[in-house]
Amino acid sequence: MKKKQKKRIIAHGYSRGLIIISVIFIAPVFAENREPKSFHFSLTSPAEKKQKHESEHAAKPVRKYWLSTAEKDLNLEGYLLNPLGEEKELKIEKKEEGWLVSFNTPFKDSEDHGANNVYVVDKKVVDKTLYIRTAKWITVNHSCGWGHGHKHDKIRHSALSFEKIPFEIVPQVLWDDKFHIRTKTGDNLKVFVYSYGKPVENAKVTVVSEKDWQKTMITDENGGIEFQMIRDYYERNWERFHTSHRSRMIVEAEYEINESGNYEGELYNKIIMSTSMPWKYSPALEDYASYKSGLTVGGIFFILTLGGVLLYRERRRKPFLELDFEKKPRKNKKNKNE
Amino acid sequence: MNKFKKYINNVNISRFRFWFQIFAFIIMVYGGFLSIDIGENLPTFSCPYIDKGGGTCFLMGLQHRFTLPIDQLISFRGLAVLTSVLFFVSWFIFFNKAWCGYICPLGTLQDWFTKLRQKIGIRYSNYSEAKFKKLKKIKYILLGLLILIPIFMANSIPFIGKLSHDWAVPFCMICPGRTVLPLFQGDASQLVIDYGSKTKMIFTVLGMAITGMFFAGAFFKKRFFCFFCPMSALQFIFKKLGFLRLIKDGTKCTKCGDCYRACDMGIREIADDIESKDIIKDDCMMCFKCVAACPEEKCLKVNFLGKTIYEATEEGFYKRQKGKK
Amino acid sequence: MEKERFEKVRKHVRSEAALEAGDVLNKIKDNFPDNPEGMNYFYDLLSRQFSEGILPKNGKKVIGTMCVQVPDELILAVDAIPIRVCSGSFPYDNAGAEFMPAKTCSMIKAIMGLFSVENYQKKFDMLVIPTTCDQKKKTTEMLTDMGYETYSLSLPSRKDNDNSRHYWQNSVKEFAADLMKKTGKKITTSNIKKAIDLKNNARYEFRRFFNLRKKSPSVIYGKDAFLVANAYFVDEVESWTSALKNLNDELEKRVNKNFSIVNQKTPRFLFTGSPPIFPNMKIPLLVEEAGGLIAVDEVCSSSRLLYDMPAYDEGALYDMIPAIADCYLKPCTCPCFVPNEERKDKLANLIDLFNIDGVIYQSFSGCQLYEMEQKLIGNFLMEKGIPMLYIESDYSKEDTGQLSTRIEAFIESIKIKKKSDLKGKRATK
């Protein structure tokens, strides 16, 4: 288990310290294991350390995603599924820093408006095992300027699966019908694992939070798992706490099939499929907002206004109050007509 | 035809309005459940904070759209602002300010408070005229701020810099529509104080304070919030384009003040101005209670595209007054 | 001794007043053709008023009112009977002249004469007098001095701002509170609603009557219209309403049959100024006997009496009482208000609605307000091109001859003008 975690850390390249440690162990790791590591999409190239998050409120004419792996010999096939479930063209480029995929999303309310699924698939035989690695990125292409007219268009705001993809993770709605993403810590999230459009039972799904807390689950007969997003964003200083702070989580899935075959002339007797889907989550409302104070403030002002009006009316019922200089005014008879 | 016209003129408009408002309230607040989406840029408080509402208030989009650097605002992206205003206007002209009197869910809610107060038998409050004149200006100030603040979020102010993102949709933050209307879908999440940042905290505290005052104020004062509503100010700019008009024939007016008495917004001009033909003032919500309360034949009229659809008649007045409980 | 003398004077004045009333009534009935059947009720009522007295005998409290601004819905709500005591009787005017200043208006003198000659102290539970003109105001004090229970209903001098409106509303509220105290009956939502409805029914019939008078050529004389409104002063609202309903139905038939009492050429007049109150029908009778027709009037004893209707929004006392108050203040065109632009607007509107050829402006000598406003109204009408005859008069019959000459001349000039107008119209056609 420990070993595996290390591997993952290298692959994600999060912690500088751990990279150094892993460098020390680099030789034995490679010698021991030639199995390809799973990869995922990211907004930054593998060389960059900084984390970036995509905003669904800011439309971009061209969307670009890097593959997290530094491997050079990939045999990538790219797929793009638009919000209506139609396949579109995805451009794959091999750059010095790594692999870059891109596609155009013109700035207008068109068929691209909504969740677009970006996929790459890589197949490779190593040690008589066929590794099918896929990566998925869901980009919500939306600008409030285009309006929320697709509110009742079911297909527009549901997460789709693609039957051409050998292995993929399909989340159960992570955004609302206005395409606003609202994944918060504490939310119960549900994801499904599909293979060529069909649910996969007994797949291993691992959820990794920003600070590498992780949980592994096995899918049920519908290919689904459910988990609660844990909170791992803590600021000691109130000033530095951001309610819109976005943490990254990665959902990964793995599945083994004992099947023999021939892939491009190479024989294999086992298939290992892996896939990934990065997502983001923010602090829950409960972490920084309080009903108690809200209702208190509302209540105080309600009572103040109410009291103010009633007091004003009561005072008006006592005419010539100002004529009494020294004495306290006697109780006047209330004018019933008032 | 004459019989039909007579029937319409004898109608108890308050009752008609009561049912129409319920209908509009259901569309605006629960429209999403009925798969109804009237659209964006509506000239009424169909609050976007309601999860499954039937439309979207124009002010929300307006505040978003003005979050642009000045150079972009005067370029092609400014065009988007312009088109949205165009959409707003095209919605608006159909009903003119009757959007307030017949459709606005927040207005309807206040009318229900008034009904409740009447049932209990507690006296209403009135502003004195001097106070009223001062309060009327608040809505124009709010309208100015709700455009200026978003602009300063994208453009820096000297010495202060850009306003942070927490200033987003400043009017929505203090609008009681945001806090109150989602409650009708069981969503109380807007009632919180947001400690996420100082700005947010101040805004939410302000919002909740106004909500508290809204509940108490609307109970005593008819249409309490409408005096401060920037939507009302914005609508007033375009009132000349409206198809629906409230027309007064000053020569027939005796200044009896029955219309002024009926007016929930306390507009004195309706009784005392005998010069203007188009009598709609900035506070008017076109509820047409004044027409129903006018005892002078054809003195007040409701016109749609120049055609009279409802007018004051002696008989109608007499019947309505007699029918009162 | 003193008492006996007093009794003698009373008897004398009473019989004189009854004689005068009978005289005028005969003139009204006999000098004109085609009196509607429905008018008989009003003729009888007014002749009874002077032979039998004006006080009802059903044991209810009686509250005397002066001026149109007294909200009698409130009086009806506490189950009392409002009686307007403004008098048009010359013998009482004479009686009042004995102790009133010489330049007092005839109506004030007649009221004072009435209350000094008659022993009404026990019969009226209250006399309500709004603070309209100076003479009415002082009357209140003089009546109190005579031992009458009076109430001075405070009326603002301006009605064009909101403060005076609230002032008046408060003063009506105080009046309501006082009424409740005096009568021992509470004003409730239900009895005030009943009172409003009762008076609104009367108003509705009165409006119908008003609209029927618009017909040209006319179906009813102005002198009858004055009597109808005058009868309301002393009659019970319900019976008055049903009698007017009968009259209206009859007049409606006349309109449908295209029957009219005068012809197309008869000049139509608007009567305005000091209120003619039965039996002071001097000017209206002179006009109509000379071949004119008073198509409509703008006086507080007739058309203004029941024209304006209150509209309340919420059926509770806090709204109903101010609503009643409003309808007595805002549309009122009494010259005691400054500014009184509304009077001009109203006259202009009436001139248009009733097809008016000329205006007759009566002012009681001594009635300063109407006398002074005459100049303003005269200028306004001159601008509009409507001829106006200004008549200063009182309750005596001395000036009848001189007045009838002036009136006849005025009517003649209008007839000529109308003829040429008609010809001109025909020519253009």
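Between A:Gly224 and A:Val193, the built amide H atoms are under 5 Å apart, and every one of these is 5 or more places off in sequence or on another chain. Between C:Lys384 and C:Ser420, the C-beta separation translates, for a Förster distance of 22 Å, into a calculated FRET efficiency of about 0.75. Sequence-ordered 3J(HN,Hα) estimates for segment A:57-63 from the Karplus curve with 6.51, -1.76 and 1.60 and θ = phi - 60° stand at 8, 10, 7, 10, x, 10, 10 Hz, glycine and proline given as x.
Along the charge dipole of segment A:110-183, which of A:Phe179, A:Tyr131, A:Val120 sits closest to the positive end, that is, farthest toward it, with unit charges on the beta carbon of Lys, Arg, Asp and Glu (+1, +1, -1, -1)? Farthest towards the positive pole: A:Tyr131.
Inter-label distance, C:Lys103 to B:Ile157: 6.9 nm, where each label sits 7 Å from its Cα along the C-beta direction. When you work out D = kT/(6 pi eta Rh) for the protein assembly as shown at 37 °C and 0.692 mPa s, using the Kirkwood radius from C-alpha pairs as Rh and the Stokes-Einstein form, the result is 91 µm²/s.
Placing R0 at 60 angstrom, the Cβ-Cβ distance between B:Lys324 and A:Glu35 gives a FRET efficiency of 0.10 after rounding to 0.05. The orientation-averaged shadow of the Cα convex hull for segment B:181-325, equal to a quarter of the hull surface, comes to 11.7 nm².
Ranking A:Ala47, A:Leu74, A:Leu84 by Cα position along the charge dipole of segment A:44-88, where only Lys, Arg, Asp and Glu carry charges on their C-beta atoms, puts A:Ala47 farthest toward the positive end.
Across all directions, the average projected area of the convex hull around the alpha carbons of segment B:243-324 is 5.0 nm². Applying the Karplus relation 6.51 cos²θ - 1.76 cosθ + 1.60 with θ = phi - 60° to segment C:156-170 yields 3J(HN,Hα) values of x, 7, 10, 10, 8, 10, 6, 4, 5, 5, 5, 4, 5, 4, 5 Hz, where x marks Gly and Pro. Summed over all non-identical Cα pairs, the Kirkwood treatment of segment B:14-235 gives a radius of 18.4 Å.
For segment A:183-263, trypsin sites (Lys or Arg not before Pro) meeting the loop criterion (DSSP other than H, G, I, E, B) and having at most 11 other Cβ atoms within 10 Å: A:Arg236. This model, with +1 at the C-beta of Lys and Arg and -1 at the C-beta of Asp and Glu, gives chain B a dipole about its Cα centre of some 1080 debye. In units of the compact-protein estimate 2.2 N^0.38 Å, segment A:33-283 shows a Cα radius of gyration of 1.01. For chain C, the spherically averaged projection of the C-alpha convex hull amounts to 21.1 nm². Between A:Asn202 and A:Leu310, the C-beta separation translates, for a Förster distance of 41 Å, into a calculated FRET efficiency of about 0.05. What residue among C:Lys257, C:Lys199, C:Lys245 shows peak mean-square fluctuation when chain C is described by a Gaussian network model with Cα springs under 10 Å? Among C:Lys257, C:Lys199, C:Lys245, the largest mean-square fluctuation in the Gaussian network model of chain C belongs to C:Lys257. If you model segment A:159-243 as an ellipsoid using its alpha carbon gyration tensor, with each semi-axis the square root of five times an eigenvalue, the axes come out at 29, 16, 10 Å, biggest first.
Taking Cα centre as origin and charging only the Cβ of basic (Lys, Arg, +1) and acidic (Asp, Glu, -1) residues, the dipole magnitude of segment A:33-283 rounds to 780 debye.
Need one number: nm distance between label points at B:Asp71 and A:Leu267, each 7 Å from Cα along Cα→Cβ, rounded to one decimal. Spacing of the two 7 Å Cα→Cβ label points: 6.7 nm.
Averaged over residues, the count of other Cβ atoms within 10 Å places the peptides B:170-178, A:66-74 in the sequence B:170-178, A:66-74, highest first.
Could you work out how far the C-alpha centroid of segment C:14-92 sits from that of segment C:225-288, in angstrom? The distance from the Cα centre of segment C:14-92 to that of segment C:225-288 comes to 15 Å. Helical content of chain B, expressed as a calculated mean residue ellipticity at 222 nm, amounts to -14500 deg cm²/dmol (DSSP H runs of 4 or more residues, -39,500 (n - 2.57) each, divided by residue number, nearest 500). Modelled label positions at A:Val173 and B:Ser164, each set 7 Å beyond Cα in the direction of Cβ, lie 3.2 nm from each other. Net charge dipole, the protein assembly as shown: roughly 980 debye, given to the nearest 20, about the Cα centre with Cβ charges of +1 for Lys and Arg and -1 for Asp and Glu. Distance between the C-alpha centres of segment A:182-198 and segment A:45-99: 21 Å, rounded to the whole angstrom. In segment C:93-148, what GluC sites (Glu not before Pro) fall in a loop by DSSP, with at most 16 other Cβ atoms inside 10 Å? Taking segment C:93-148 and a limit of 16 other Cβ atoms within 10 Å, the loop GluC sites (Glu not before Pro) found are C:Glu98. The amide H of C:Ile81, built 1.01 Å from its N in the peptide plane, has C:Lys61, C:Val62, C:Ile63 as neighbours under 5 Å, considering only residues 5 or more places off or on other chains. For chain C, the longest principal axis of the alpha carbon atoms and the long axis of helix C:222-234 meet at an angle near 10°. Axis angle, to the nearest 10 degrees, between helix C:368-384 and the longest C-alpha principal axis of chain C: 30 degrees. Principal-axis analysis of the Cα atoms of chain B puts helix B:105-120 at an angle of about 50° to the longest axis. Residue by residue, segment A:304-317 carries 3J(HN,Hα) couplings of 4, 5, 4, x, x, 5, 5, 5, 4, 5, 4, 5, 5, 6 Hz when phi is fed to the Karplus relation 6.51 cos²θ - 1.76 cosθ + 1.60 (θ = phi - 60°); x denotes Gly or Pro. Residues whose amide H falls under 5 Å from that of C:Val128, counting only those 5 or more places apart or on a different chain, are C:Gly64, C:Thr65, C:Met66, C:Tyr151, with hydrogens built in the peptide plane.
Values in this text are rule-based calculations from the coordinates and carry no lab data. Keep in mind it's a predicted model, so treat the numbers as computed, not measured. Counting neighbours? That spans all protein chains shown, and the Cβs are built from the backbone with ideal geometry, glycine included.
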